[in-house]
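The values are calculated or read from the model by the stated rules, or taken from the named source; none is laboratory data. Treat the numbers as computed from the prediction; the structure is a model and nothing was measured. Positions of Cβ are generated from backbone atoms using ideal geometry, with glycine treated the same way; all protein chains shown enter the neighbour counts.
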Amino acid sequence: MSRFFVTTPIYYVKDAPHVGHAYTTVNADALARWHRLIGDDVFFLTGTDEHGQKVARAAEEQGLDPLAWTDQMSPRFAEAWAGLDVANDDFIRTTEPRHRASVERFLSAIYDNGYIFKDSYRGLYCVGCERYYATDELVDGNLCPDHRTPVEELEEENYFFRLSAFEDRLVEWYAANPGIVVPESKRNEALSFIKGGLKDISITRTSIDWGVRVPWDDEHVFYVWYDALINYVTAIGYGEDPERFDEWWPSVHHIIGKEIIRFHCVWWPAMCMAAGIEPPAHVQVHGWLLLGGDKMSNSSVNRITPASLTEEYGVDPVRYHLLRDIPLGSDGEFSAEGISSRYNSDLANNLGNLLSRVTTVVGSKCGGVGPVPDPSSRLADVAGTVVADAVAGWGASRPDLGLEATWRLIRETNAELEIAEPWKAEPGPGVDAVLGSALEVLRIVAILIVPAMPATAREMWRRIGLEGTPEEQRLPEAGSWGRYPGGLTVEKGAPLFPRRKD
Ligand code: MSP
């Protein structure tokens with residue numbers, strides 16, 4: 001059996017989640033659901049990144065100790081994902097004991113393998129910022145650009161990771177595995193950074209204590225990124241359950257935003273090599289959700305929360321918009337007009353209209369009992385091509401392409417109904433054939449939209465009288481023409497997507 005271990009970045013708990021975070025999580029959820037649909041064994045991991053200075057400072061501003069703060073904030077992410085119908089299998093918090101133990105094991109392995117050494121670090125430090133600055137970042141000679149106070153020359157003993165030792169190995173690894181980082185432009189970005197020369201990096205701090213202590217020297221705390229990346233192996237039992245780890249690690253798919261390429265495509269593979277495990281098998285880099293041309297972020301004036309959108313449009317329309325309109329890999333502008341027009345065109349006018357006209361006419365012309373599909377319907381060929389294209393699109397981690405193919409089938413079926421006009425015809429075999437085929441399309445569409453709109457898919461399935469759930473079906477077999485059995489009670493319900501006036 002194939003496995004699919006999909007991860008999102010673990011999010012900082014500095015602030016509540018916004019739609020930018022939701023973009024990654026919904027894509028990961030949709031891909032996880034797609035892989036379940038094609039029969040893969042899936043493990044979907046997300047979580048929160050709770051150590052480091054940023055979080056400690058946010059807690060301090062609230063007058064709380066860091067753990068009390070993260071205990072408050074982390075559930076807001078879990079709740080936001082539940083509110084978007086995200087079905088993750090695990091939710092990791094870096095403050096959990098299982099994670100601390102795993103970080104200690106992982107970094108001790110690197111230390112034992114000789115890739116961590118102690119050295120002194122000398123630099124220009126701003127106490128207000130608690131960070132070092134390079135000379136060219138300073139203003140008026142020696143002032144911190146933020147505080148406008150003089151920086152101090154400071155020397156600190158730090159542990160360093162010998163990243164430079166992995167330059168050649170990383171280049172070889174990229175050459176041997178061309179598809180590891182997608183899209184290709186991002187792979188090239190990572191590779192050219194490596195080829196530009198890698199410097200050893202400082203991985204511990206003595207100036208902060210909100211983090212995982214270095215097991216062999218408890219005056220030091222690991223820098224937050226080292227701790228964070230290791231979450232991916234913690235969750236599958238690294239160092240604790242080797243069998244489970246070996247089962248899942250080879251099929252890992254990291255999904256990340258483009259601003260954290262270096263961490264995931266340079267540091268992380270090198271860390272894995274240094275610890276003696278295989279580097280990650282797949283990194284999918286995506287673009288940003290933009291608001292007025294800028295990256296949506298915690299500091300954006302108009303950061304948008306997932307809940308405000310789902311209240312306005314409904315959960316499935318929000319998921320559909322995120323998946324359909326911003327192809328994985330590209331940036332995309334987020335706007336109320338964009339989501340509304342997609343809602344009206346694809347959901348109200350196409351999918352909703354198809355479901356409601358078919359169930360209505362089955363009610364008026366077939367006594368509410370669904371007829372069997374016509375084996376020679378032209379739609380059988382369309383459905384065959386569409387299922388193949390959807391499989392290819394989703395298989396290439398392009399939900400937009402999978403959905404675009406699916407909507408071709410919906411549009412063709414609406415067009416076919418407009419030509420046949422079964423609502424005007426006398427009941428009989430002709431009308432039955434047309435409606436049976438339209439019901440068969442609804443059955444296939446319900447399966448194909450499971451990853452994007454799980455609740456809508458279930459409701460369609462129920463209304464056309466089918467037993468069980470569309471999630472239980474397995475593609476590609478379940479997508480073949482002629483499986484709608486006929487003789488089922490079809491229910492005409494309220495419109496799933498009432499047209500919006502805005
Ligand atoms: N904690 C680190 C990640 C550690 S992973 C080992 C971090 N956290 S974050 O809270 O800043 O989240 C970053 C991720 O959130 C991005 O990589 C991306 O997946 C998602 N996004 C945040 N804003 C986004 C947009 N405006 N658009 C798309 N994705 C966005 O970095």
Worksheet item: Is it the case that GLU157 is assigned to a strand (DSSP E or B) and of a type outside the set (Lys, Arg)?
Response: yes
Worksheet item: Which of (1) assigned to a strand (DSSP E or B); (2) buried (at least 16 other Cβ atoms within 10 Å of the Cβ); (3) in contact with an Asp or Glu (Cβ under 6 Å, 6 or more places away or on another chain) does GLY123 not meet, given it meets every other one?
Response: (3)
Worksheet item: Of the residues ALA22, ALA58, which single one is within 16 Å of the ligand (Cβ to nearest atom) and more than 19 Å from LEU289 (Cα to Cα)?
Response: ALA58
Worksheet entry | Selection from segment 401-444 of residues that are in contact with a Gly (Cβ under 9 Å, 6 or more places away or on another chain) and over 26 Å from GLY468 (Cβ atoms) | LEU401, GLU404, ALA420, PRO422, PRO427
Response to the item:
Over segment 220-256, the set of residues surrounded by fewer than 22 Cβ atoms within 10 Å (Cβ to Cβ) and among the charged types (D, E, K, R) is GLU240, ASP241, GLU243, ARG244, ASP246, GLU247
Worksheet, complete the sentence: With criteria (1) assigned to a helix (DSSP H, G or I); (2) touching a strand residue (DSSP E or B) at 6+ places or on another chain (Cβ under 9 Å), ILE92 comes up short on (1)
Discussion item. Exactly one condition in (1) under 22 Å from TRP248 (Cα atoms); (2) part of a helix (DSSP H, G or I); (3) under 25 Å from the mean Cα position of the chain (by Cα) is false for LEU107; which is it?
Written reply: (3)
Worksheet entry | Filtered residue count, segment 281-303, keeping only those that are at pLDDT 90 or above and either within 12 Å of the ligand (Cβ to nearest atom) or out of contact with any strand residue (DSSP E or B) (no Cβ under 6 Å at 6 or more places or on another chain) (or both) | 8
Worksheet, complete the sentence: Checking GLU333, GLU311 in turn, the sole residue that is at pLDDT 95 or above and either surrounded by fewer than 20 Cβ atoms within 10 Å (Cβ to Cβ) or more than 13 Å from the ligand (Cβ to nearest atom) (or both) turns out to be GLU311
Response to the item:
Conditions (1) more than 12 Å from the ligand (Cβ to nearest atom); (2) of a type in the set (S, T, N, Q); (3) surrounded by fewer than 24 Cβ atoms within 10 Å (Cβ to Cβ) -> THR70 fails only (3)
Worksheet entry | Subset of segment 1-38 (residues that are farther than 24 Å from ILE339 by Cβ and either part of a strand (DSSP E or B) or touching a Cys at 6+ places or on another chain (Cβ under 9 Å) (or both)) | ARG3, PHE4, PHE5, VAL6, THR7, TYR12
Worksheet item: Considering only helices (runs of 4 or more DSSP H) fully contained in segment 161-237, which possess at least 2 residues that are in contact with a strand residue (DSSP E or B) (Cβ under 8 Å, 6 or more places away or on another chain) and among the charged types (D, E, K, R)?
Response: 184-195
Item to complete: Name the residue, out of ALA58, ALA101, that is crowded, with 17+ Cβ neighbours inside 10 Å and within 31 Å of the chain's Cα centre (by Cα).
Response: ALA58
Worksheet item: Taking the stated definitions as given, is GLY436 within 27 Å of the chain's Cα centre (by Cα), closer than 19 Å to SER376 by Cα and crowded, with 21+ Cβ neighbours inside 10 Å?
Response: no
Practice prompt. Mind listing whichever residues of segment 379-411 are farther than 25 Å from HIS253 by Cβ, surrounded by fewer than 18 Cβ atoms within 10 Å (Cβ to Cβ) and free of Cβ contacts under 8 Å to residues at least 60 places away in the same chain?
Written response: ASP381, THR385, ARG408
Worksheet item: Yes or no: THR7 surrounded by 19 or more Cβ atoms within 10 Å (Cβ to Cβ), closer than 24 Å to VAL103 by Cα, at pLDDT 95 or above and among the β-branched types (Val, Ile, Thr)?
Response: yes
Item to complete: Tell me which of these PHE263 doesn't satisfy, since it passes every other one: (1) farther than 21 Å from VAL103 by Cα; (2) within 21 Å of the chain's Cα centre (by Cα); (3) not polar (S, T, N, Q).
Response: (1)
Worksheet item: Can you tell me which of LEU191, LEU170, LEU198, LEU163 is within 29 Å of ILE255 (Cβ to Cβ), touching a Ser or Thr at 6+ places or on another chain (Cβ under 6 Å) and at pLDDT 90 or above?
Response: LEU198
Item to complete: Answer with yes or no whether VAL252 is in contact with a Phe, Trp or Tyr (Cβ under 7 Å, 6 or more places away or on another chain), assigned by TED's automatic domain parsing to the domain that holds ALA175 and within 14 Å of the ligand (Cβ to nearest atom).
Response: yes
Practice prompt. Look at ARG357 and say whether it is surrounded by fewer than 21 Cβ atoms within 10 Å (Cβ to Cβ), more than 30 Å from GLY482 (Cα to Cα) and within 36 Å of the chain's Cα centre (by Cα).
Written response: no
Worksheet entry | Test set (1) surrounded by fewer than 16 Cβ atoms within 10 Å (Cβ to Cβ); (2) closer than 17 Å to ALA452 by Cβ - PRO306 fails condition number | (1)
Worksheet item: Which residue pairs have Cβ atoms under 7 Å apart, sit 6 or more places apart or on different chains, and have a first residue in segment 229-243 that is without any contact (Cβ under 8 Å) to a residue 12 or more places away in the chain and within 20 Å of HIS253 (Cβ to Cβ) and a second that is more than 12 Å from the ligand (Cβ to nearest atom) and not aromatic (Phe, Trp, Tyr)?
Response: GLY237/ARG244
Worksheet item: Somewhere in segment 39-46, is a residue more than 12 Å from the chain's Cα centre (by Cα), aromatic (Phe, Trp, Tyr), part of a helix (DSSP H, G or I) and away from the ligand (no atom under 12 Å from the Cβ)?
Response: no
Practice prompt. Could you figure out which of (1) in contact with a Pro (Cβ under 9 Å, 6 or more places away or on another chain); (2) of a type in the set (S, T, N, Q); (3) within 10 Å of the ligand (Cβ to nearest atom) isn't true of ASN353?
Written response: (3)
